[in-house]
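For reference, the structure is listed below as structure tokens.
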Amino acid sequence: MHIFQSHDKNSSKNKRLGIISALAEEQEGLIQAMQHPERHVHGMREYTVGSLWNVEAVAVLSRIGKVAAAMTAALLVERFGVTHILFTGVAGSADANVRVGDVVIAESLVQHDMDAAPLFPRFEVPLTGLAHLPSDLAMSSRLAGAASTFLEGENGATLHRGLIGSGDQFINDGMRLAALKSALPGLLAVEMEGAAVAQVCFELGIPFAVIRTISDNANETAATDFMAFVKTVASRYAFGIIENYCRNHGA
Ligand code: SAH
């Protein structure tokens, strides 16, 4: 059953933004900032429907990994009627120029553990013809504007735009990362959900964007202070950037 009616994607009045985060710390502030929040529990997730700086929004935790993220994205669209999806989270760096505390916005996403060769080329999502799933350019550009405004207040944090890789593995191994990087030279960051959301949105025709704060270097030190970073830095970034994004929604 559909709780909300689907809306016409092309009318700005009828936009409903789905905001997915992987970790609870990243979403607490947003839920507190919501006007008229209404909670719906379904399929082991809590969807909070309300309004954020005058934008109709549904916030939900995906839980971790590609299947969890895909299920969350599909239900946001089919059950909660969202017309756009924004994913915020943390990621490991996959590039020497991308440092802990920097922010990466996906231009495209790849499922780095997808390999149906020899039936399909490595990384290609079978039957979509795509290995690199593009994010929505308009949303990503607006998100980049929101992020650069926010990051002006943060010392030395840089915004990057490019390829993000997702797989069902927390990467904390320099050798594994180097192997991935040589197969995917443009790779900027690795995480566990973005490219799954990208596939669902591609298949359903929903514009989406993915933004990640770099929490670690995807090597042997990756687990150190991971949660502390999420609590103190990443959650503040996610909140500030989404606030800027929503405030400029009509622009
Ligand atoms: N170790 C932590 C979290 C593990 S999952 C814990 O015990 O709770 C890490 C989450 O952050 C995932 O949602 C993933 O998207 C992202 N992430 C951050 N760094 C990552 C890395 N090096 N490899 C894969 N995912 C990473």
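The values are calculated or read from the model by the stated rules, or taken from the named source; none is laboratory data. The structure displayed is predicted, hence computed values, not measured ones. We place every Cβ from the backbone using ideal geometry, glycine too, and count neighbours over all the protein chains shown. Areas reflect the complete protein model, heavy atoms only, side chains present, ligands, DNA and RNA absent. Shrake-Rupley method; radii C 1.70, N 1.55, O 1.52, S 1.80 Å.
What to note about this one:
- If R0 is 35 Å, the Cβ-Cβ spacing of residue 14 and residue 64 corresponds to a FRET efficiency of close to 0.65.
- Available extension along the chain between residue 35 and residue 228 is 66.6 nm, counting 0.36 nm per residue and deducting the alpha carbon span.
- Most fluctuating residue given options 141, 235, 93, as computed from a GNM of the chain linking Cα atoms under 10 Å: 141
- On full extension, the segment bounded by residue 236 and residue 130 gains 34.8 nm, given 0.36 nm per residue less the C-alpha separation.
- Taking 28 Å as the straight-line reach from the Cα of residue 15, the lysines in range (excluding those fewer than 8 positions away in the same chain) are 66.
- Within-13-Å neighbourhood charge of residue 246 [Cβ basis; K, R +1; D, E -1]: +2
- Net charge, residue 162 excluded, C-beta distance under 15 Å - Lys, Arg +1, Asp, Glu -1: 0
- A simple rule links phi to the HN-Hα coupling: the Karplus curve 6.51 cos²θ - 1.76 cosθ + 1.60 with θ = phi - 60°, which for segment 185-201 gives x, x, 4, 9, 8, 10, 8, 10, 9, x, 6, 6, 4, 4, 5, 4, 5 Hz, with x for Gly and Pro.
- Å² of accessible area per residue within segment 24-148, as computed with a 1.4 Å probe and no ligands counted: 42 Å²
- In the context of the full protein assembly, residue 231 retains an accessible surface of approximately 120 Å², using a probe radius of 1.4 Å and ignoring ligands and nucleic acids.
- Ligands, DNA and RNA excluded, the heavy atoms of residue 130 present near 50 Å² of accessible surface to a 1.4 Å solvent probe.
- Candidate aspartates and glutamates - alpha carbon under 14 Å from residue 181, same-chain residues fewer than 8 apart omitted: 95, 113, 173, 191
- Rounded, prolate or oblate (a/c below 1.5 giving rounded, otherwise prolate when a/b exceeds b/c) for the chain by Cα gyration tensor: oblate
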